């Protein structure tokens, strides 16, 4: 078995692009040279890695296996390089983060602004993903850090709790639920709901939790942000479920009321997921510390 890091990087780029020409361009190879390298890689592994078609390429089962291992190997090489950049090894490097909607929109911008201000050599790739995609990405090495809320399968991962995610019901002022201190979520389904956009973790969570209790039937409008949700709620179009941080921030400038949710799932712990905290590059470990420290300082 023989291959080098260029082979692995080429294969990962082709797999992610679903196109040999586009993948080859990422590592500055011509399509014929890239094709020859992939053929040699397949011969070395004695396995077909790609299905080739007129519309691009797709992975065989062997290709899926190689992709999983290649990502981990290449990330470890990146970590090794980052850890030998000098004594201030948390001052440079690249960290890829997959996170849920609340993290991406509510607290990560502020945390990253503070974190990056003193680390000009660090770059961040922050992407919004569904919870199951986040967990899978950490397991297969696609991402360095995952930020999730609630109960998850932590098998093979390290989960560092850093804060609490509380969900509240937002309603227009004057709504019949506005004077309630709390309400069972099932009792809100008699009213039309405003939800977050397709692909958001909150929408997926509520759908999965309440699909047999009429949430989908109650869902009238889906929007791209918590601010847009609150504006629609303020206008009296419906009611909606939001994270407490977003709900309280928008309540300061909008005519909405917040009501607690009785259901136990409304209070969820937030975790940073990693394959191994000790194997992270310095910048990754420093960012985990920043999240924990920020939470300890009172951010929820």
Quick check, is residue 291 closer than 21 Å to residue 166 by Cα, assigned to a helix (DSSP H, G or I), touching a helix residue (DSSP H, G or I) at 6+ places or on another chain (Cβ under 9 Å) and in the same structural domain as residue 101 (by TED's automatic domain parsing)?
yes
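Please determine whether any residue of the stretch 157-170 is outside any strand (DSSP E or B) and more than 14 Å from residue 237 (Cα to Cα).
To start, the set of residues in the stretch 157-170 that are outside any strand (DSSP E or B) comprises 157.
If we keep only those that are more than 14 Å from residue 237 (Cα to Cα) as well, we get 157.
Among the residues of the stretch 157-170, at least one is outside any strand (DSSP E or B) and more than 14 Å from residue 237 (Cα to Cα), which makes the answer yes.
Filter the stretch 169-196 down to the residues that are within 27 Å of the chain's Cα centre (by Cα) and touching a residue at least 60 places away in the same chain (Cβ under 8 Å) and list them by number. Write out each step before concluding.
Our first condition is that a residue be within 27 Å of the chain's Cα centre (by Cα); within the stretch 169-196, this holds for 169-170, 185, 193-196.
Across the stretch 169-196, the qualifying residues are 169, 170, 185, 196.
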**Asked** Looking at the stretch 197-211, is at least one residue touching a residue at least 60 places away in the same chain (Cβ under 8 Å), more than 21 Å from residue 258 (Cα to Cα), exposed (fewer than 15 other Cβ atoms within 10 Å of the Cβ) and assigned by TED's automatic domain parsing to the domain that holds residue 176?
**Response** yes
Kindly check whether there is at least one residue in the stretch 40-63 that is touching a strand residue (DSSP E or B) at 6+ places or on another chain (Cβ under 7 Å), assigned to a helix (DSSP H, G or I) and on the phi < 0 side of the Ramachandran plot.
-> yes
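The values are calculated or read from the model by the stated rules, or taken from the named source; none is laboratory data. All figures in this text were calculated on a predicted structure; none of them were measured in a lab. All Cβ positions, even for glycine, are placed from backbone atoms using ideal geometry, and neighbour counts span all protein chains on display.
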